[in-house]
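Take a look at the structure set out below.
The values are calculated or read from the model by the stated rules, or taken from the named source; none is laboratory data. All values derive from a computational prediction rather than experimental measurement. Cβ placement follows ideal geometry from the backbone for every residue including glycine, while neighbour counts extend to all protein chains displayed.
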Amino acid sequence: MNPTSPEMEAERTDVQAAAKAVGQQLVVHDVSNERDIETAFTTFVQRGVGALLAGAGPFMTSSREQIVALAARHELPASFASREAAEAGGLMSYATSITEAYRQVGIYTGRILKGEKPGDLPVIRAAKFEFVLNLKTARTLGLEVSPALLALADEVIE
């Protein structure tokens, strides 16, 4: 996780609650530069981490290639908050649809151009999420993906 990312605290709280609910121990490592990412992976290997959840935010997105490469080198299944990371070789991503967000921006722009005041428009939350699964990476990691999980994926990368 990037400690300077605006969504970091909420993300950390949510992930810790989810881990506790399923009885998993978390190893959280804050990263804000390339060297921190290398150090985090060293820690993960030393602690015997079994999988990686890369945090959200601009720094993590821009560092996806490095994180994907290190996850592959250390044979860690990695989940991301951007589809681009799964496309780059990460195991999977689950995130809001950027395409849908841009569509909503267009709708709001149209409403404003027709005379509505921006302050009068409701704040909307993301309603569409995409689950992208990289089957090639799963095979490389020796993971068997159930047909049920494949059926849930919005996109499967072969």
Filtering segment 1-51 down to residues that are under 18 Å from the mean Cα position of the chain (by Cα) and hydroxyl-bearing (Ser, Thr, Tyr), which residue is surrounded by the most Cβ atoms within 10 Å (Cβ to Cβ)?
-> Ser5
What number goes with the only condition from (1) modelled with pLDDT of 95 or more; (2) farther than 25 Å from Ala153 by Cβ that Val123 does not pass?
-> (1)
Flagged in segment 127-158 as assigned to a loop (DSSP other than H, G, I, E, B), closer than 23 Å to Leu76 by Cα, of a type in the set (D, E, K, R) and touching a strand residue (DSSP E or B) at 6+ places or on another chain (Cβ under 8 Å), in numbering order, are Asp154
Going through (1) surrounded by fewer than 17 Cβ atoms within 10 Å (Cβ to Cβ); (2) touching a helix residue (DSSP H, G or I) at 6+ places or on another chain (Cβ under 8 Å); (3) part of a helix (DSSP H, G or I) one by one, Ile124 fails only at (3)
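From the set of residues in segment 52-65 that are of a type in the set (A, V, I, L, M) and touching a strand residue (DSSP E or B) at 6+ places or on another chain (Cβ under 7 Å), which is surrounded by the most Cβ atoms within 10 Å (Cβ to Cβ)?
First, the residues of segment 52-65 that are of a type in the set (A, V, I, L, M): 52-54, 56, 60.
Add one more test, that the residue is touching a strand residue (DSSP E or B) at 6+ places or on another chain (Cβ under 7 Å), and what stays is 52-54.
Numbers: Leu52: 22, Leu53: 18, Ala54: 25.
That would be Ala54.
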Can you name the condition, by its number, that Lys128 falls short on among (1) under 30 Å from Ala69 (Cα atoms); (2) free of Cβ contacts under 8 Å to residues at least 12 places away in the same chain?
-> (2)
Of the listed residues (Val105, Val132), the one being at pLDDT 95 or above and either buried (at least 16 other Cβ atoms within 10 Å of the Cβ) or farther than 20 Å from Met8 by Cα (or both) is Val132
Qualifying positions in segment 66-96 - surrounded by fewer than 22 Cβ atoms within 10 Å (Cβ to Cβ), in contact with a helix residue (DSSP H, G or I) (Cβ under 8 Å, 6 or more places away or on another chain) and assigned to a strand (DSSP E or B) = Ala95
When Phe41 is evaluated against the numbered criteria (1) of a type outside the set (S, T, N, Q); (2) touching a residue at least 40 places away in the same chain (Cβ under 8 Å); (3) over 21 Å from Leu150 (Cα atoms), which criterion, by number, is the only one it fails?
-> (2)
